[in-house]
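Undergrad: A single structure is presented below for examination.
Please treat every number below as a calculation from the coordinates, not as lab data. Bear in mind that the values here come from a model prediction, so they are computed numbers and not experimental data. Methodologically, a virtual Cβ is constructed for each residue, glycine included, from the backbone with ideal geometry; neighbour enumeration extends over all protein chains shown.
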Protein chains: 2
Amino acid sequence: MRSRGKVLKGKDGKLPFCAMGVSSVIHPKNPHIPTVHFNYRYFEIEEGDGNKQWWFGGGTDLTPVYVNKDDAFHFHNTLKEACNKHHSQYYPDFKKWCDRYFYIRHRGETRGIGGIFFDDLDSPSQEEAFNFVKSCARTVVPCYLPIVHKHLSDAFTDEEKDWQQVRRGRYVEFNLVYDRGVKFGLATPGSRIESILMSLPLTARWEYMHEPAKGTREAEMLEVLRNPKDWV
Amino acid sequence: MRSRGKVLKGKDGKLPFCAMGVSSVIHPKNPHIPTVHFNYRYFEIEEGDGNKQWWFGGGTDLTPVYVNKDDAFHFHNTLKEACNKHHSQYYPDFKKWCDRYFYIRHRGETRGIGGIFFDDLDSPSQEEAFNFVKSCARTVVPCYLPIVHKHLSDAFTDEEKDWQQVRRGRYVEFNLVYDRGVKFGLATPGSRIESILMSLPLTARWEYMHEPAKGTREAEMLEVLRNPKDWV
């Protein structure tokens, strides 16, 4: 699961490893509350000569059904502030990495409005990298909860619910076709399928040739997914 | 898109080819009417020395939400009779091929109760192979329509509709994760995504740890999907 190819030297073809992570996805019923996903993970591999390799990876990203600039600013800015405490390049680099990673190639769309994503983080020191990942994890709640509170009682129409379902169809497409963790999990004999596929929404919808009319809020959302924006 | 590896000799790295096919999927609203899918296709490739290679492929398969032995017998027997007019090994071989192909590996389940599936059919002659494929195509309507007519007015409950939606989630999993045509299409730059993904259902559902209670009709369906049966 390294994103960059690093040659690891095994002993007798074996590479003892240790991996751990925490992952969560929330797909709210109300289409005015975005889907949130985060995953933070740690890998450790022992090479044949006893040398230990370790790295962190993960990220937090938001998938709204409609564009809300205030929400997008709040989400990205909270992530940026958490990143800035550790390195001024983290947010700009990991924001771009996130847009690149959560890309549905066959649609020419990102899955959502991004956030941060990184892998192979093994510098400046194990302690500093761990501190950064802890900051990221602690930022999930302040990133997301204010948005939930704000929209908890928003009324919604059947049309808005349908558009949410179409967007969730795209979420399924990304997760089953492109997501590295899902692909790796499904291909691993004996893996726990229910844990891997818990990221899928309860319900989703596919409509032939679905294209929102110009000037609608649905078209505004698509425009953002086709051309990722800087929110802060 | 050949299932067996056959080395083709190109000219200057080029292999002029011609491909055509017809494909259809019907996902009915009523959970007592099964989903049907068929695809028949023809390929022709010109090798560097002017030699022409050609072959047919395709099949017809049924994906019910509940087991109905009469329907399963009718569907498979109609296919068997059509196959038998051409070769007595076609039905038994292509029935097994179908069960093997429409297999959701990570679930240990087939997508449905199968039918027939074949590829690389280039014998005994082009005319005979074409006649066989024509028989298959002409058998789609007599295979499926009597089942539709029989269940058109069947009443259904919310629970039956929910189980249909869970089964459609598995249909999406097979098509996006394993189907060769879909994978090939999504990976081909400039391909028409709406045509490739029209095989997905209008709606689908994922429920964490969904497992039907013993002795229910839902459990009976799963049992058949986990252990493909001979219906004729």
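Undergrad: Could you tell me whether segment A:95-113 includes any residue that is in contact with a Phe, Trp or Tyr (Cβ under 6 Å, 6 or more places away or on another chain), under 17 Å from A:N39 (Cα atoms), part of a strand (DSSP E or B) and of a type in the set (D, E, K, R)? Give the steps one after another, and end with the answer.
TA: Step one: of segment A:95-113, the residues in contact with a Phe, Trp or Tyr (Cβ under 6 Å, 6 or more places away or on another chain) are A:97-98, A:101, A:104, A:110-111.
From what is left, the residues that are under 17 Å from A:N39 (Cα atoms) are A:97-98, A:101, A:111.
The next check asks that each one be part of a strand (DSSP E or B); those that pass are none.
No.
Undergrad: Test of understanding: among A:V36, A:V22, which residue is under 24 Å from A:Q165 (Cα atoms) and within 15 Å of the chain's Cα centre (by Cα)?
TA: Numbers: A:V22 fails: under 24 Å from A:Q165 (Cα atoms).
Unique residue meeting the criteria: A:V36.
Undergrad: Continuing with this model, one more query. Return the only residue of B:Y103, B:Y66, B:Y91 being under 20 Å from B:M221 (Cβ atoms) and touching a strand residue (DSSP E or B) at 6+ places or on another chain (Cβ under 8 Å).
TA: Details: B:Y66 fails: touching a strand residue (DSSP E or B) at 6+ places or on another chain (Cβ under 8 Å); B:Y91 fails: under 20 Å from B:M221 (Cβ atoms).
B:Y103 is the lone residue from the list that is under 20 Å from B:M221 (Cβ atoms) and touching a strand residue (DSSP E or B) at 6+ places or on another chain (Cβ under 8 Å).
Undergrad: Check A:G115 against each of (1) touching a Leu at 6+ places or on another chain (Cβ under 8 Å); (2) of a type in the set (G, A, S); (3) within 14 Å of chain B (Cβ to nearest Cβ) and name the one condition it does not meet.
TA: Single failed check for A:G115: (3).
Undergrad: Specify which of the listed residues (A:V36, A:V67, A:V25) is in contact with a His (Cβ under 7 Å, 6 or more places away or on another chain) and surrounded by 14 or more Cβ atoms within 10 Å (Cβ to Cβ). First the steps, then the outcome.
TA: Details: A:V36 fails: in contact with a His (Cβ under 7 Å, 6 or more places away or on another chain); A:V67 fails: in contact with a His (Cβ under 7 Å, 6 or more places away or on another chain).
After ruling out the rest, the residue left standing is A:V25.
Undergrad: Which strands (runs of 3 or more DSSP E) sit wholly inside segment A:1-81 and have at least 2 residues that are of a type in the set (A, V, I, L, M)?
TA: Numbers: elements: A:17-26, A:35-46, A:52-63.
Fully inside segment A:1-81 and qualifying: A:17-26, A:35-46.
Undergrad: Test A:D120 against the criterion of being farther than 20 Å from A:S24 by Cβ, among the acidic types (D, E) and either in contact (Cβ under 8 Å) with a residue 12 or more places away in the chain or in a loop (DSSP other than H, G, I, E, B) (or both), and give yes or no. Give the steps one after another, and end with the answer.
TA: Values: farther than 20 Å from A:S24 by Cβ: yes; among the acidic types (D, E): yes; either in contact (Cβ under 8 Å) with a residue 12 or more places away in the chain or in a loop (DSSP other than H, G, I, E, B) (or both): yes.
Yes.
Undergrad: Which one is nearest to the other protein chains (Cβ to nearest Cβ) among residues in segment A:194-208 that are in contact (Cβ under 8 Å) with a residue 60 or more places away in the chain and assigned to a helix (DSSP H, G or I)?
TA: First, the residues of segment A:194-208 that are in contact (Cβ under 8 Å) with a residue 60 or more places away in the chain: A:198-199, A:201-202.
If we keep only those that are assigned to a helix (DSSP H, G or I) too, we end up with A:198-199.
Values: A:M198: 6, A:S199: 9 Å.
In this case the residue turns out to be A:M198.
Undergrad: In segment A:166-218, what count of residues is obtained for those that are among the hydroxyl-bearing types (S, T, Y) and touching a strand residue (DSSP E or B) at 6+ places or on another chain (Cβ under 8 Å)? Walk me through it before giving the result.
TA: Residues of segment A:166-218 that are among the hydroxyl-bearing types (S, T, Y), as a first pass: A:171, A:178, A:188, A:191, A:195, A:199, A:203, A:208, A:216.
Narrowing the set further to residues that are touching a strand residue (DSSP E or B) at 6+ places or on another chain (Cβ under 8 Å) leaves A:171, A:178, A:199, A:203.
Total meeting the criteria: 4.
Undergrad: With respect to the numbered conditions (1) within 29 Å of A:R170 (Cα to Cα); (2) under 17 Å from the mean Cα position of the chain (by Cα); (3) of a type in the set (A, V, I, L, M, F, W, C), which one is the sole condition not fulfilled by B:F94?
TA: Going through (1) within 29 Å of A:R170 (Cα to Cα); (2) under 17 Å from the mean Cα position of the chain (by Cα); (3) of a type in the set (A, V, I, L, M, F, W, C) one by one, B:F94 breaks only (1).
Undergrad: If you don't mind, there's one more thing I want to ask. Of all the residues that make up segment A:52-68, how many are over 17 Å from A:R111 (Cα atoms) and either in contact (Cβ under 8 Å) with a residue 40 or more places away in the chain or β-branched (V, I, T) (or both)? Working first, answer last.
TA: From segment A:52-68, those over 17 Å from A:R111 (Cα atoms) are A:52-57; that's our starting set.
With the extra rule that they be either in contact (Cβ under 8 Å) with a residue 40 or more places away in the chain or β-branched (V, I, T) (or both), the set shrinks to A:53-57.
Looking only at that region, the number is 5.
Undergrad: If I filter segment B:130-142 for residues that are of a type in the set (V, I, T), within 13 Å of chain A (Cβ to nearest Cβ) and in a loop (DSSP other than H, G, I, E, B), do I get at least one hit?
TA: We begin by selecting, within segment B:130-142, every residue of a type in the set (V, I, T); these are B:133, B:139-141.
Next, only the ones that are within 13 Å of chain A (Cβ to nearest Cβ) stay: none.
Scanning segment B:130-142 turns up no residue that is of a type in the set (V, I, T), within 13 Å of chain A (Cβ to nearest Cβ) and in a loop (DSSP other than H, G, I, E, B).
Undergrad: Given the criteria over 20 Å from the mean Cα position of the chain (by Cα), outside any loop (DSSP other than H, G, I, E, B) and without any contact (Cβ under 8 Å) to a residue 12 or more places away in the chain, does B:A213 qualify? Break it down into steps so the answer makes sense when it comes.
TA: On the way: over 20 Å from the mean Cα position of the chain (by Cα): yes; outside any loop (DSSP other than H, G, I, E, B): no; without any contact (Cβ under 8 Å) to a residue 12 or more places away in the chain: yes.
No.
Undergrad: A further question on this structure: Working only within segment A:143-174, note down all residues that are without any contact (Cβ under 8 Å) to a residue 40 or more places away in the chain, within 11 Å of another protein chain (Cβ to nearest Cβ) and farther than 30 Å from A:Y42 by Cβ.
TA: Taking segment A:143-174 and keeping what is without any contact (Cβ under 8 Å) to a residue 40 or more places away in the chain, we get A:145, A:149, A:153, A:155, A:157-159, A:169, A:172.
Those still in the list that are within 11 Å of another protein chain (Cβ to nearest Cβ) too: A:169, A:172.
Answer for segment A:143-174, where residues must be without any contact (Cβ under 8 Å) to a residue 40 or more places away in the chain, within 11 Å of another protein chain (Cβ to nearest Cβ) and farther than 30 Å from A:Y42 by Cβ: just A:G169.
Undergrad: A follow-up question, please. Collect the residues in segment B:175-193 that are more than 10 Å from chain A (Cβ to nearest Cβ) and either surrounded by 13 or more Cβ atoms within 10 Å (Cβ to Cβ) or assigned to a loop (DSSP other than H, G, I, E, B) (or both), keeping them in residue-number order. I'd like the intermediate steps shown before the answer.
TA: First, pick out the residues of segment B:175-193 that are more than 10 Å from chain A (Cβ to nearest Cβ): B:179-181, B:184, B:190, B:192.
Scanning segment B:175-193 gives B:D179, B:G181, B:G190, B:R192.
Undergrad: Further question: Which residues, counting only those in segment B:6-45, are more than 22 Å from B:P124 (Cβ to Cβ) and acidic (D, E)?
TA: The answer is B:D12, and nothing else.
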